[in-house]
Each structure stands twice: as structure tokens, then as C-alpha cells.
Amino acid sequence: KVGNDRFYDYVKKFGFGDKSGIPLNSELSGDISSLTKSGEIFGANGSFGQGLTVTPLQLASAYSAIANDGKLMKPIIIDEKRYVDGRREKTQSETVGQVISSDTSRQLQSMLVSVVENHYRAAKVDHYYVAGKTGTAQIPERGRYSAERTNHTFAGTAPASRPQFTLVVKYEEPERQWAEETAMPVFHDVMKFALDYYGVEWDKQ
């Protein structure tokens with residue numbers, strides 16, 4: 001219903017297909033060129049992630065935008081520079097753009113919370129609402145997608161009502177079949193540690 005052109009525009013707005021501009025020369029842009037080809041099949045495949053490549057950083061940025069009232073921020077790798085003469089130079093945050101409306105971001109965030117609360121209970125963290133989703137991606141080989149080999153991710157934010165952390169866990173070709181069995185438990189443990197370590201206020205009793 002969205003159509004290929006509009007879908008492609010939103011994929012671009014979220015930062016996919018472009019480098020974010022972080023000061024690391026190893027950053028990749030990913031490939032969303034399939035969405036520019038004619039034929040509805042490319043948009044249909046792209047809607048659930050096939051035919052595209054994205055980086056974990058892009059995925060983290062996109063989830064952060066959903067949690068941040070629809071605002072996409074430029075990722076920061078270096079928090080602060082400290083010079084020998086004692087000067088400190090703090091890296092300033094920079095808004096890339098308003099990807100979706102704040103109302104749409106709240107709806108998406110609520111949907112992601114519902115997924116965790118009702119389906120992905122291993123990702124739940126006591127006293128916090130978590131917004132997240134698994135990804136189990138078939139690996140392309142010889143012009144088609146493998147029936148056995150997959151990459152796994154779990155991406156999410158917490159606490160969902162006042163997001164403080166975005167976390168993406170990725171496994172390349174793990175022995176198990178689904179991200180629920182690999183990336184999700186690690187997401188839970190790392191997110192729980194971060195929330196506890198920084199003493200983030202509960203948003204769930």
C-alpha cells in the first residue's frame with residue numbers, strides 16, 4: 001500500500017544506504033539499490049529486509065530515531081577530546097532530520113513494547129518496558145538465499161517510556177536457527193547491566 005517510491009524515501013530518511021559520517025574510515029554505507037529497480041517485488045522483499053544490506057550502526061540509529069520522537073541523530077563515536085594543555089572539546093549532538101512524526105514514533109514504540117511483552121519475554125527486563133524486535137536474515141549465496149545459513153539480530157531501546165539506551169546484538173551464522181535463541185538472551189543481559197549500572201529510574205512496577 002505504501003508503494004516502492006515512498007518506501008524507498010523512508011528507508012533513505014532513516015539513514016540506510018548512506019554513511020553516517022562517523023570518524024572511522026571502515027564505515028560502510030550498506031546497499032539499498034534494489035529498491036530503485038522497477039517491479040513491485042523489490043519493494044515487497046525490502047519490506048521484510050531481503051535485498052538490502054545495513055550496518056549494525058544504521059540499525060541502532062534507526063531504533064534510536066523511533067525512540068527519540070522520530071528525530072534521527074548523527075551517531076557520536078568520540079564523546080570528548082582532551083588536549084595536553086588541559087582543554088576539553090565536547091562533541092555536540094547533531095540532528096540529521098525528522099524521519100517520522102512524534103505521534104508515529106510513539107505508535108511504533110508501543111508496537112515494539114507489545115512484541116517484547118507478549119512474544120519475546122526473554123528480552124524483558126524487570127521494572128522496565130523494553131521496545132525491541134528480532135531479526136533472522138537468510139544469507140545470500142550463489143544468487144539465492146540459503147535455506148539453512150542465517151544472521152541474527154536483536155535491536156531495542158529501554159526504558160521505553162524514557163529511552164536511555166539503544167542496543168543491537170548481532171550474530172553471524174550461529175549454530176541455532178532463530179535470533180530468539182542467540183541474540184535475545186545477550187540483549188537482555190547487557191541491557192539489564194546498563195540499566196542497573198547507571199541507576200536508570202524504573203518505568204514499570
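How large a share of the accessible area of the chain, in percent, is made up of carbon and sulfur atoms when the probe is 1.4 Å and the other protein chains stay in place?
Working: 6520 of 13000 Å².
Heavy-atom surface of the chain belonging to carbon and sulfur, 1.4 Å probe: 50 percent.
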Query raised in the report: Taking a probe of 1.4 Å, how large is the accessible area per residue of the chain, in Å²?
Result: 63 Å²
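Give me the number: length gained by fully extending N45 to D103, i.e. 0.36 nm times residue separation minus the C-alpha to C-alpha distance, one decimal in nm. Before the final figure, lay out each step's value.
On the way: separation 58, 0.36 × 58 = 20.88 nm, distance 2.68 nm.
Full extension from N45 to D103 adds 18.2 nm.
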Report summary line: Checking rank on 106-117, 59-70, with mean other Cβ inside 10 Å and highest first, the result is 59-70, 106-117
Query raised in the report: If Lys and Arg each add +1 and Asp and Glu each add -1, what is the summed charge of the other residues whose beta carbon sits under 14 Å from the beta carbon of R6?
Result: 0
Report task. Could you run the Karplus curve 6.51 cos²θ - 1.76 cosθ + 1.60 with θ = phi - 60° over the stretch 107-117 and give me ³J(HN,Hα) per residue in whole Hz, x for Gly and Pro? Result -> 5, 5, 4, 5, 5, 5, 5, 4, 4, 5, 5
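First measure r as the distance between the Cβ atoms of D9 and I78, then evaluate 1/(1 + (r/R0)^6) with R0 = 22 Å and state the FRET efficiency to the nearest 0.05.
Numbers: r = 31 Å, r/R0 = 1.42.
Calculated transfer efficiency: 0.10.
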Requested in this report: Please count, across the chain, the pairs of lysine residues with Cα atoms under 19 Å apart that sit 8 or more places apart or on different chains.
Outcome: 21
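Sum up the charges of everything whose Cβ sits under 11 Å from the Cβ of E117, counting Lys and Arg as +1 and Asp and Glu as -1, but leave E117 out.
Its environment carries a net charge of +3.
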Query - Approximate spin-label separation K1-E117, in nm, with each point projected 7 Å along Cα-to-Cβ - result: 2.3 nm
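Sort 28-39, 119-130 by packing, meaning the average of other beta carbons within 10 Å per residue, with the highest value first. Present the calculation step by step, with values, prior to reporting the outcome.
Working: 28-39: 13.9, 119-130: 17.9.
In descending order of packing, they fall as 119-130, 28-39.
The values are calculated or read from the model by the stated rules, or taken from the named source; none is laboratory data. None of the values given here were measured: they were computed from a predicted structure. Neighbour counts are summed over all protein chains in view; Cβ atoms, including those assigned to glycine, are modelled from backbone coordinates with ideal geometry. Heavy atoms of the whole protein, side chains included, go into the accessibility calculation; ligands, DNA and RNA do not. Shrake-Rupley method; radii C 1.70, N 1.55, O 1.52, S 1.80 Å.
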